[in-house]
Structure formats: structure tokens, C-alpha cells
1. Angle, helix 78-93 long axis vs. longest principal axis of the chain, Cα atoms, 0 to 90°, nearest 10?
2. What is the sum of charges around Asn106, taking Lys and Arg as +1, Asp and Glu as -1, for the other residues whose C-beta is under 13 Å from the C-beta of Asn106?
3. Subtracting the Cα-Cα distance from 0.36 nm times the residue separation, let me have the gained length for Asn33 to Tyr142 in nm, one decimal.
4. Distance between Cα centroids, segment 1-44 to segment 122-141: provide it in whole Å.
5. Pairs to check: Lys5/Lys78; Lys97/Lys144; Lys97/Lys130. Give those whose C-alpha atoms are more than 18 Å from each other in this structure.
6. By average Cβ neighbour count within 10 Å, what is the ranking of 75-88, 53-66, 11-24 from highest down?
7. Percent relative contact order of segment 64-141, based on C-alpha pairs within less than 8 angstrom and at least six residues apart?
8. Please get the size of the charge dipole for segment 1-102, origin at its Cα centre, with Cβ charges of +1 on Lys and Arg and -1 on Asp and Glu, quoted in debye to the nearest 20.
Amino acid sequence: MNFVKATGNKLYYEGNLFEVKGVALMDDMTLWNKNAVVPLDDSIQERDYAFAALGEINTIRLAVKMDYFVDSEGAVRKSGFDFVDQQLAFAKKYGLKILLDMHVPNGGAVQDFAVTEDNKSFWENPEPQKRFTEGWEVVARYYK
């Protein structure tokens, strides 16, 4: 798997300067649902990638949440990796890159548009922050 690499404030892909021209995709039926820990199989389809590739898009910002990948005890959830693997296959077919956006931390705390008890708790307590970091380590090891 080839990755876009950063050097200073510039991005490179296979030695060439890379400029991100992107669009966001997400499974909004599960992303914002605190109880949903598995993305829907048909939420993002191949046709979404085919459509993005028609223009000058070269990158898909794929919004996911930590609960897709690990449970509250840190055990791996295969379904999250299966979902991303399918998205990577679509992206590869259409010559697109994926920027994995861990949009929602473990526990479903929505952190970007409203202060809630969940996101307040995430930022004030070290335990969910530690689980989030450990979850990212699981994801990074898988895709390394």
C-alpha cells in the first residue's frame, strides 16, 4: 500500500508533489448514532467513488468513528476494518486516495458541533483519551 508522505508542509506521492483535492464521505446513519458500532454495508458505494473520479477529485476524506474498530475494552472489531478495506478497494479502482478521518472518538462522543456530556467527558477524562490513542495504534498497525 502506498501512502502520501509529508515533508515539512508539503505532501508527496511516489516522489511527486501531491495536492489534495477532496470530498468527504461518511455513513451518517451510524456515524452520529451512539449505539451503532458497525457501519452500514451499503452506506457508501462504488458509484460514489466513480462519481468523485469524474472530476478533479483525488482524495476521499472518509469519516469514521473509533467504535467501528475497537470496543470499550479495546478488543478489535473486524467489521470496521472490513468497511475501510472495501472503501480502499473502491478508491484504488478509481485512482483515489483515502484520508481516514477518525471523526468521532470511542463512546460516540460527538465533538464537532455541540457541547454534550459525552464530548465534555472525553476532553476532561484521561481514560477515554487513552482508549482513543490506543485505538489509533490498532488502526495504524493494521494499515502499516
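1. Around 20 degrees separate the two axes.
2. Numbers: positive: Lys34, Lys65, Arg77, Lys130, Arg131; negative: Asp67, Asp71, Glu73, Asp118, Glu127, Glu134, Glu137.
Neighbour charge sum, excluding Asn106 itself: -2.
3. Values: separation 109, 0.36 × 109 = 39.24 nm, distance 2.51 nm.
Full extension from Asn33 to Tyr142 adds 36.7 nm.
4. Taking the Cα centre of segment 122-141 as reference, the centre of segment 1-44 is 19 Å away.
5. Values: Lys5/Lys78 27 Å; Lys97/Lys144 15 Å; Lys97/Lys130 28 Å.
Too far apart for the 18 Å limit: Lys5/Lys78; Lys97/Lys130.
6. Values: 75-88: 16.2, 53-66: 18.4, 11-24: 12.1.
Highest to lowest by the protection proxy: 53-66, 75-88, 11-24.
7. On the way: 72 pairs, mean separation 28.4, N = 78.
It rounds to 36 percent for segment 64-141.
8. Working: 12 positive and 15 negative charges, 76 e Å.
The calculation lands at about 360 debye.
Readers should treat all values here as calculations from the given coordinates under stated rules, not as data from a laboratory. Owing to the predicted nature of the structure, the values given are computational and were not obtained by experimental measurement. Because the Cβ atoms are built from the backbone with ideal geometry, glycine has one as well, and the counts that use them run over all protein chains shown.
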